[in-house]
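FYI, it's all coordinate maths here, none of it is from the lab. Just so it is clear, the model here is predicted, and its values are computed rather than measured. Because the Cβ atoms are built from the backbone with ideal geometry, glycine has one as well, and the counts that use them run over all protein chains shown.
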Amino acid sequence: SQQGEEDPQALSIQEGENATMNCSYKTSINNLQWYRQNSGRGLVHLILIRSNEREKHSGRLRVTLDTSKKSSSLLITASRAADTASYFCATDYRRGSTLGRLYFGRGTQLTVWP
Amino acid sequence: KAGVTQTPRYLIKTRGQQVTLSCSPISGHRSVSWYQQTPGQGLQFLFEYFSETQRNKGNFPGRFSGRQFSNSRSEMNVSTLELGDSALYLCASSGGVVYNEQFFGPGTRLTVL
């Protein structure tokens with residue numbers, strides 16, 4: 001399967017703590033994207049990191065990409081209860097047969113307790 | 001810019017019926033992708049359209065079909081509904097030529113009884 005895999009499957013922390021989620025994938029990518037999904041709703045695009053980038057920041061979010069290890073991590077600093085959601089990584093592979101298609105992992109369910 | 005919109009948001013159908021879902025992409029985006037999300041299978045790719053042409057298709061039966069109009073709006077159709085078709089159907093639009101950066105709509109929740 002070309003799907004990425006997030007780790008851990010579930011993460012429970014207190015408000016104010018940092019949350020780190022990891023994603024591993026299998027073959028060369030064009031880019032990797034992180035999404036958030038609140039229960040039963042659409043996916044919210046968080047960050048896209050290109051294969052030639054190593055780190056990107058957006059507000060309280062920090063994403064890193066290690067193409068040698070085929071892995072990425074999403075760090076949410078100073079978590080809030082409103083960050084409670086499922087987080088998905090999605091990979092855009094380089095092969096031509098994957099036009100318009102992203103490969104999603106199963107997601108990490110983050111719960112932030114007040 | 002307005003985001004991706006999907007209609008209807010909720011649908012209840014019975015087995016054997018057919019259903020049509022609609023997706024309006026972000027203005028200027030020409031690529032629309034469709035995904036099915038279920039608790040058991042996660043997010044699965046259905047198909048992608050670009051400039052009215054289907055460029056890619058996932059591993060779904062022929063009961064699942066789609067099309068794209070000249071204004072980039074897209075529809076997907078599911079015929080002869082089965083209980084297992086109950087899912088959240090998500091569409092995403094992309095305008096990037098080099099980077100497949102996809103922005104999702106709120107989804108259509110389909111329940112098949």
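Shielding of B:81-90 by partners, i.e. mean partner chain Cβ atoms within 10 Å per residue? Don't jump to the answer; show the numbers that get you there.
Numbers: counts 0, 0, 0, 0, 0, 0, 0, 4, 0, 4.
The shielding value for this peptide is 1.
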* **Geometric extent, Cα atoms of the protein assembly as shown - Rg, Dmax (angstrom)** => 17.4, 50
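Take peptide B:32-40, look around each residue's Cβ out to 10 angstrom, count Cβ atoms belonging to other protein chains, and average those counts.
Values: counts 1, 4, 1, 5, 0, 5, 0, 0, 0.
Mean number of neighbouring Cβ atoms from other chains: 2.
Sorting A:ASP92, B:ASP85 on the 10 Å Cβ count, fewest up front, what's the list? Can you show the working numbers first?
Details: A:ASP92 24, B:ASP85 21.
With the sparsest Cβ surroundings first, the list reads B:ASP85, A:ASP92.
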* **Among B:TYR99, B:TYR49, B:TYR35, residue whose mean-square fluctuation peaks in a GNM of chain B (springs only between Cα atoms under 10 Å)** => B:TYR99
* Mind putting a number on the dipole of chain B about its Cα centre? Charges go on the C-beta only, +1 for Lys and Arg and -1 for Asp and Glu, and I need it in Debye to the nearest 20. => 160
* Whole-angstrom gap from region B:1-24 to region A:29-64, using each part's C-alpha centre -> 26
* Asked: Based on the mean of other beta carbon atoms within 10 Å per residue, what is the order of A:54-61, B:2-9, most packed first?
  -> B:2-9, A:54-61
* How would you rank A:PHE88, B:PHE60, B:PHE103, going from fewest to most other Cβ atoms within 10 Å of each one's own Cβ? -> B:PHE60, B:PHE103, A:PHE88
* Would you mind calculating the relative contact order of region B:48-113 from Cα pairs under 8 angstrom and at least 6 residues apart, reporting the percent as a whole number? => 24
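With 32 Å as the limit, write out which pairs from A:LYS56/B:LYS13; A:LYS70/B:LYS13; A:LYS26/B:LYS57 have Cα-Cα distances beyond it, or answer none.
Going by Cα-Cα distance, A:LYS56/B:LYS13; A:LYS70/B:LYS13 fall outside the 32 Å limit.
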* Structure fact -> With the 8 Å Cα cutoff and a minimum separation of six or more residues, chain B has a relative contact order in percent of 36
* Within the P(r) computed for chain A, what percentage of the Cα pairs occupies the region above 18 Å? -> 46
* Putting +1 on Lys and Arg Cβ atoms and -1 on Asp and Glu Cβ atoms, find which of A:ASN31, A:HIS45, A:LEU61 reaches farthest to the positive end of the dipole of chain A. => A:ASN31
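Mean separation of Cα pairs under 8 Å and 6+ residues apart, divided by the residue count of chain A: what relative contact order is that in percent?
Working: 289 pairs, mean separation 43.6, N = 114.
For chain A, the relative contact order is 38 percent.
Shielding of A:66-76 by partners, i.e. mean partner chain Cβ atoms within 10 Å per residue? Walk me through the numbers before you get to the answer.
Values: counts 0, 0, 0, 0, 0, 0, 0, 0, 0, 0, 0.
Average per residue, whole number: 0.
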